[in-house]
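The values are calculated or read from the model by the stated rules, or taken from the named source; none is laboratory data. Owing to the predicted nature of the structure, the values given are computational and were not obtained by experimental measurement. Quick reminder, even Gly has a Cβ in these numbers, built from the backbone with ideal geometry, and neighbours come from all protein chains shown. Heavy atoms of the whole protein, side chains included, go into the accessibility calculation; ligands, DNA and RNA do not. Shrake-Rupley method; radii C 1.70, N 1.55, O 1.52, S 1.80 Å.
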Amino acid sequence: MKNYMILMSILLITILVVGCAPTEMQPAGEETKEPIKIGFIGPLTGDVAPYGEGWRDGALLAVEEINTAGGINGRMLELVPEDGLCKPKDATNAAQKLIEIDKVQAIVGGFCSSETLAVAPIAEEAKVVLMSPGSTNADITESGDYIFRACPSDALQGEIMAIYMYDEGYREVAIMYANSDYNLGLRNVFSKKFTELGGEIVVEQNYEQDAKDMRTQITKIKDAAPEALYLVPYPADGTIILVQMKELDVDLPVFAPESMCVDKVLVDSGEAAEGMVVSTPTFDEAAPKTAEFLQKFNDRFGYKPELTSYSANAYDVVYLFADAMKQGHITGTEIKDYLYTVTDYTGAGGKLTIDENGDAIKELILMRVENGEFVDLE
Amino acid sequence: MTKHLLTIKDLDSWYGQMQVLHEVKMHIDKGEIVSIIGPNGAGKSTILKNIFGLIEKRKGKIFFDGKNIIKSKPENLTKLGITYVPQGRSVFPNLTVQENLEMGGFIRKDDLSEDIESVYKKFPGLKERKDQKAGLLSGGEQQMVAIGRALMLKPKLLLLDEPSLGLSPQMKALIFEKLIEVNKDGVAMVIVEQNAKMSLNISDRAYVLELGKNKMHGKGKDMLRNKDVAKLYLGGG
Amino acid sequence: MGIAAQLIINGIIAGGIYALVALGYTMVYGILRFINFAHGEVFMLGAYLGWVFNILLGVNVIVAGVLAMLGCAVAGFVIDKIAYKPLRGRGMLPPLITAIGISLFLQALAILIFGAQIRTFRTGEVVRGITIPFIDAIITKIQIVIIIVSVALMVALHFYIKYTKTGKAMRAVADNYEVASIVGINPNKVISYVFIIGSALAAAGGILVGMEQNLTPTMGVSIGIKSFTAAVVGGIGNIYGAVLGGFMIGLIENIGIWFIPSGYKDAIAFAVLLFFLLFKPTGIFGVKKGEEVSV
């Protein structure tokens, strides 16, 4: 028993000493062989995972290329991916782990707006840069100096669709959306603009993010007899809704944001998607840097990522971080300052300029589903 | 030594760390009715549980029909011809009377209807209730179901733990009447009873158990007349 | 009138699935007084097995369904044998923790083998459903299949429990475990049968839902909670209660969100559970064990 106590005491003291030892901060510019870690937060499991994976792989591709080309002044770059599950709580945990344990100075993330909004205050307080390749919620604009994104705010997408629908003659519409920040944000912007123009939202329905049975909500919408539907889902539930609408004989014109601009949605919903109109940031797959990115991505991972533009954006975000670091800006604050200077950066995701709020300025277009494919609208 | 149906020799038995039976011995012959009486906590029920293989920690010899059954499990003992009516209401309350009897014959592969009929013949009140849930019957009727169920395997030896417990005086008398009838079919019985008087009345022999040890042993009628036995164990009536 | 009828139809479809899965919970609890938290994952496993046979291996969908049910029956049997049986008699906590562990393990396994992405099991074109005459509600072919299959399975179970020897033995063991062994019934064998049947039923539910909606590794979680709620509401341990509870939850959910915001759909099941736990914890057909009838 006595020996046991001694052993336990030694173990305890050892743990205390190691745990409390001050971690060394690498002073800027010092030559060491330790890798520089950057964080990644996105849904790697759950319903949105298929897209999160493509996005992580985009970032990973950039990291690998940079390292092959010599890294950051001799130091290798390391991507630390954490699962945000497209949910605020998990994204928060992921961020805390990345900041406190991995000591990252920059994070590629979140994917879902709910992730980004949850993580923003933490990153801001810790002076760690958070740059999202795909979160579009309008509230992100004001969420902090250290918060950036490579995609345009929903403030734009929601408005464009409201204007388009009004111009097409619709006055009484329905909105259906998932209960999450991305969807709520779009719903707010759309609703405000549409009513401002003189239209009316006759019925609104929402549902839990992971729900599979939206039949009753669809029935309620059918009952209110709107002229059209503005649908704000994630791809998986969006697919289910299109299918269930068709099954329930609800024949409404459907308008949706870029979350529905996904090939898999068309494949899975078949004819039910015919005629749907979506808004999306311009993404020209034929542009040189973009085509190159797609080729390299396919060579490395063997597939084409859905929601391709975000994957390309993730790739660009990593390169932007790397560019900052190569010029000696290694701390969060320094990277932040660098990012505000980015103008007309041509990346895999197209041309990118970062405005004074940390938002990206990109062009938006509308597309319609014809014969199972997305086709540009005039 | 003549071949008895059941022989118990030098049986020690424990519940956890506590030893409850010390070198108990007894025997029972074919077709006999034997009672085990004694004060509360003497270990009477424990003997039955030992016979039926429900106790883990024990030492000694138990022979049935020439076989040493000290290591046997209950399902095997039913196959050898011992059935057990435990203390309290032991019917399946949500099964009908008929289904209870069918469960009695669970391990049999043949048709049970003849034997079920003979149970109904023996316990007439049950037939009209045969599709009622057993839990709804009166205490006495439930006990008859339990006994009838135990007869479904045509046992050679029937173990009964306090068969008249909680029953009205008339019911008690009825139960013991029925036990005599069953015995006439050649079924040997070991009856553990608090109500020693009624039990001794129908017994061929009886053992008195006290503090887990054999105290006395004799013919049923003799025990009834014995003054010491009367004073110590028959007071409860 | 049309709307109400549509909501009721929606409720019956959902309820049929809840009932199928609830049966597994209730049967296991009835005998073992144990909540099999991994049961929802058997439902998920059934869906994936069905997908494997039908989509990957090209087997006819009905055969695929039967094979998936058999596969899950085996899985349920194995899980009981290696994870729950060794812990029998050790109190309530160890098996509960093990069940949660198995649940997480199966989810992780599904993600590992099948990936996190959503799979679909669509067996045909997406078409408009059929309008039911007189009541003006729309139902699709698959949904009709769901109702027919779930009801058929429940009726089959009823006959099994009521009239077969093993079915009666299950009721006997649920009634009184100790006495059942005295009568010569092998409780462990009966328990295995319970797991086999319960798992096959859950698998059927999984396949039907997989075909009607889609497949994800976490699809068992929400169904598991709601079906368990249904079992409790109906009176846990009672199979008719499980069926009633399943349809009740399905109907209340779908009719309920007519009146309250649809986002609260999942909360409805919990509200019902809370109500019952507060006012009638034994459920509708609540069975109180050990009620003695005195002379």
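Is it the case that region C:135-156 has a residue that's under 30 Å from B:Asp161 (Cβ atoms), in contact with a helix residue (DSSP H, G or I) (Cβ under 7 Å, 6 or more places away or on another chain) and among the β-branched types (Val, Ile, Thr)?
Scanning region C:135-156, I find no residue that is under 30 Å from B:Asp161 (Cβ atoms), in contact with a helix residue (DSSP H, G or I) (Cβ under 7 Å, 6 or more places away or on another chain) and among the β-branched types (Val, Ile, Thr), so the answer is no.
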- C:Gln143: passes all of (1) open to solvent by less than 50 Å² (accessible area, probe 1.4 Å); (2) modelled with pLDDT under 90; (3) more than 30 Å from A:Asp249 (Cβ to Cβ); (4) part of a helix (DSSP H, G or I) but (3)
- Query: Name the residues in region B:79-116 that are of a type in the set (A, V, I, L, M, F, W, C), farther than 14 Å from C:Lys168 by Cβ and at the interface with chain C (Cβ under 9 Å from one of its Cβ atoms), would you?
  - Reply: B:Val85
- Kindly check whether there is at least one residue in region B:9-25 that is of a type outside the set (A, V, I, L, M, F, W, C), surrounded by fewer than 16 Cβ atoms within 10 Å (Cβ to Cβ), over 18 Å from the mean Cα position of the chain (by Cα) and within 18 Å of B:Arg205 (Cα to Cα). yes
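Only one of these is surrounded by fewer than 24 Cβ atoms within 10 Å (Cβ to Cβ), modelled with pLDDT of 90 or more and either within 14 Å of chain B (Cβ to nearest Cβ) or touching a Cys at 6+ places or on another chain (Cβ under 9 Å) (or both): C:Ile252, C:Ile161. Name it.
Numbers: C:Ile252 fails: either within 14 Å of chain B (Cβ to nearest Cβ) or touching a Cys at 6+ places or on another chain (Cβ under 9 Å) (or both).
So the residue among C:Ile252, C:Ile161 that is surrounded by fewer than 24 Cβ atoms within 10 Å (Cβ to Cβ), modelled with pLDDT of 90 or more and either within 14 Å of chain B (Cβ to nearest Cβ) or touching a Cys at 6+ places or on another chain (Cβ under 9 Å) (or both) is C:Ile161.
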- Are there any pairs, at least 6 apart or on different chains, whose C-beta atoms fall under 6 Å, with the first in region A:184-198 and in the same structural domain as A:Asp167 (by TED's automatic domain parsing) and the second β-branched (Val, Ile, Thr), and if so, which? A:Leu186/A:Val232; A:Arg187/A:Ile175; A:Arg187/A:Val232; A:Ser191/A:Ile201
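Could you identify the single residue in C:Ile207, C:Ile239, C:Ile225 that is in contact (Cβ under 8 Å) with a residue 12 or more places away in the chain, surrounded by fewer than 19 Cβ atoms within 10 Å (Cβ to Cβ) and of a type outside the set (Phe, Trp, Tyr)?
When all the criteria are applied, what remains is C:Ile225.
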- Filtered residue count, region A:185-231, keeping only those that are among the aliphatic types (A, V, I, L, M) and within 13 Å of another protein chain (Cβ to nearest Cβ): 7
- Residue count, region C:123-140, condition open to solvent by 40 Å² or more (accessible area, probe 1.4 Å), assigned to a strand (DSSP E or B) and aliphatic (A, V, I, L, M), comes to 2
- Is region A:235-253 home to any residue that is in contact with a Phe, Trp or Tyr (Cβ under 8 Å, 6 or more places away or on another chain) and within 13 Å of another protein chain (Cβ to nearest Cβ)? yes
- Task: Output the strands (runs of 3 or more DSSP E) that fall wholly within region A:102-180 and possess 3 or more residues being in contact (Cβ under 8 Å) with a residue 40 or more places away in the chain and in contact with a Pro (Cβ under 8 Å, 6 or more places away or on another chain), or say none.
- Result: A:172-178
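Checking the condition away from every other protein chain (no Cβ under 14 Å), touching a residue at least 24 places away in the same chain (Cβ under 8 Å), open to solvent by 20 Å² or more (accessible area, probe 1.4 Å) and within 25 Å of C:Ile161 (Cβ to Cβ), which residue from C:Leu67, C:Leu20, C:Leu49, C:Leu32 passes?
Values: C:Leu67 fails: touching a residue at least 24 places away in the same chain (Cβ under 8 Å); C:Leu20 fails: open to solvent by 20 Å² or more (accessible area, probe 1.4 Å); C:Leu49 fails: within 25 Å of C:Ile161 (Cβ to Cβ).
Residue meeting the stated conditions: C:Leu32.
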- Restricting the search to region C:228-262, which residues are farther than 30 Å from A:Asp223 by Cα and part of a helix (DSSP H, G or I)? C:Phe228, C:Thr229, C:Ala231, C:Val232, C:Val233, C:Gly234, C:Ile239, C:Tyr240, C:Gly241, C:Ala242, C:Val243
- Message: Restricting to region A:60-80, give me the number of residues that are out of contact with any Leu (no Cβ under 6 Å at 6 or more places or on another chain) and over 19 Å from A:Thr331 (Cα atoms).
- Response: 7
- In this structure, is C:Asn188 among the polar types (S, T, N, Q) and farther than 23 Å from C:Ile102 by Cβ? no
- Item | Yes/no for A:Val278 being under 22 Å from the mean Cα position of the chain (by Cα), not small (Gly, Ala, Ser) and not in a helix (DSSP H, G or I) | yes
- Residue list for region A:90-109, restricted to those being under 21 Å from A:Thr333 (Cβ atoms) and open to solvent by less than 10 Å² (accessible area, probe 1.4 Å): A:Ala95, A:Leu98, A:Val104, A:Ala106, A:Ile107, A:Val108, A:Gly109
- Message: Any residue that is at pLDDT below 90, surrounded by 24 or more Cβ atoms within 10 Å (Cβ to Cβ) and out of contact with any Pro (no Cβ under 6 Å at 6 or more places or on another chain) - is there at least one of those in region A:188-205?
- Response: no
- Message: Testing A:Tyr303 on (1) surrounded by fewer than 16 Cβ atoms within 10 Å (Cβ to Cβ); (2) outside the structural domain of A:Asp316 (by TED's automatic domain parsing); (3) at pLDDT 85 or above, one condition comes back false. Which one is that?
- Response: (2)
- Subset of region A:337-362 (residues that are within 17 Å of the chain's Cα centre (by Cα) and loosely packed, with under 12 Cβ neighbours inside 10 Å): none
- Task: Test each condition in (1) modelled with pLDDT under 85; (2) in a helix (DSSP H, G or I) for A:Asp284 and report the one that comes out false.
- Result: (2)
- Note on the structure: Among A:Glu64, A:Glu53, A:Glu142, the single one that is among the acidic types (Asp, Glu) and at pLDDT 90 or above is A:Glu64
- Item | Sole residue being among the hydroxyl-bearing types (Ser, Thr, Tyr), over 26 Å from C:Ser222 (Cα atoms) and away from chain C (no Cβ under 14 Å), chosen from A:Tyr166, A:Tyr182 | A:Tyr166
- Message: Can you confirm whether A:Ala150 is away from every other protein chain (no Cβ under 14 Å), closer than 27 Å to A:Ser309 by Cα and either among the hydrophobic types (A, V, I, L, M, F, W, C) or buried (at least 24 other Cβ atoms within 10 Å of the Cβ) (or both)?
- Response: yes
- Task: Considering only residues that are within 19 Å of B:Arg89 (Cβ to Cβ) and among the hydroxyl-bearing types (Ser, Thr, Tyr), look in region C:175-204 and name the one that is least open to solvent (accessible area, probe 1.4 Å).
- Result: C:Ser181
- Number of the exception - B:Lys197 against (1) part of a helix (DSSP H, G or I); (2) touching a residue at least 60 places away in the same chain (Cβ under 8 Å); (3) among the charged types (D, E, K, R): (2)
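Of the residues in region A:42-78, how many are open to solvent by less than 20 Å² (accessible area, probe 1.4 Å) and either assigned to a helix (DSSP H, G or I) or away from chain C (no Cβ under 14 Å) (or both)?
Counting residues in region A:42-78 that are open to solvent by less than 20 Å² (accessible area, probe 1.4 Å) and either assigned to a helix (DSSP H, G or I) or away from chain C (no Cβ under 14 Å) (or both) gives 15.
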